[in-house]
Amino acid sequence: MGAQTITIGYHTNQVLPEPDIFIHTSGGTRIPAHSTILASVSPVWENIIDQPYKHRSSERVIQIHGVPCNAVTAFVTFHYSSMCGEKEMEEYGMHLLTLAHVYMVPQLKQKCIKGLTQRLTVENVVDLFQLARLCDAPDLRLNCMKLLTNHFKAVEKTEGWKFLNQNDPCLELQILRFMDEHQTRKEKSRRQRKEQGLYVELGEAMECLEHICTEGCTDVGPCHVEIRKEKMKPCTKFSTCQGLQLLIRHFATCKRRINGRCLRCKRMWQLFKLHSYICQQTDSCKVPLCREIQFKMQQEKREDEPRWKVLAKKVASAKVISSLTLPKRKRD
């Protein structure tokens, strides 16, 4: 029995000549097309069409087997209309991505990647991941890996994963290794954010310490400044400032400070020391013990000095990064 010829909607305003090429599918269907249109869209089509064929009088036939007839029809139609409907994407998205990759039709390939990404599920993620590898679709592959990582327990129960486990242990190992590396990066990023937040808090404490010792704030201030609450503006860093003021007042009156047995005094001493490593205005600095600590640092070379210098640099850089993330109006 001869092949059945179907008519496709070309969706074009151009006046087209009679089809000069026919695409045969594995279902026994014959799709008429125009060699000039196909060649203009795909370099692979162009190479196939340019090849000489034996019988010039017979019709030109190209075989596309292993793909559903409707998928091939949608593929050929795309060459004329540059459109692919939701129904075709839903039913034949994987086939269309394969055809778009093999025949080098980048516009259709991008549409398929986007459409398949939107349709990613726990059930189809393994199949789509394998297809993304074969069709060189890194965006789709990355989205598959994200879903695999976030819902691995559910994916592990699917038939696709069981098949992968039995037939492609190398790919399974690659996926598991990626998931492990992703988790490591995630934990490292979380630690870095936590550390960065700590450095920002220390930088804010340094600003408040200078502010208290230079201008005074609510309850604590330098000797030459009279604190008048009714005339003071609200402190922009009240929570940090208030805690630091309580610490300073305790440090000034604590009797256990000399023996080094008071943890609150030790914390205050560490803040004074950190300030002295950051401070660039030793002669005019109003912060207590700043000059004394810097002089002592010059006289003695302690083992922990490099660590304090590194901490001072990180606090300073965190302050800069934090200010850059603010809107320009707030930064000013």
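Before moving on, here are some points about what is shown:
- With one equal scatterer per alpha carbon and no solvent term, the Debye-computed log10 I(q)/I(0) for the stretch 14-118 at 0.14 1/Å reads -0.53.
- Alpha-carbon centroids, the stretch 257-322 and the stretch 190-219: separation in whole Å: 13 Å
Every number in this text was worked out from the coordinates using simple rules, so none of it is lab data. Bear in mind that the values here come from a model prediction, so they are computed numbers and not experimental data.
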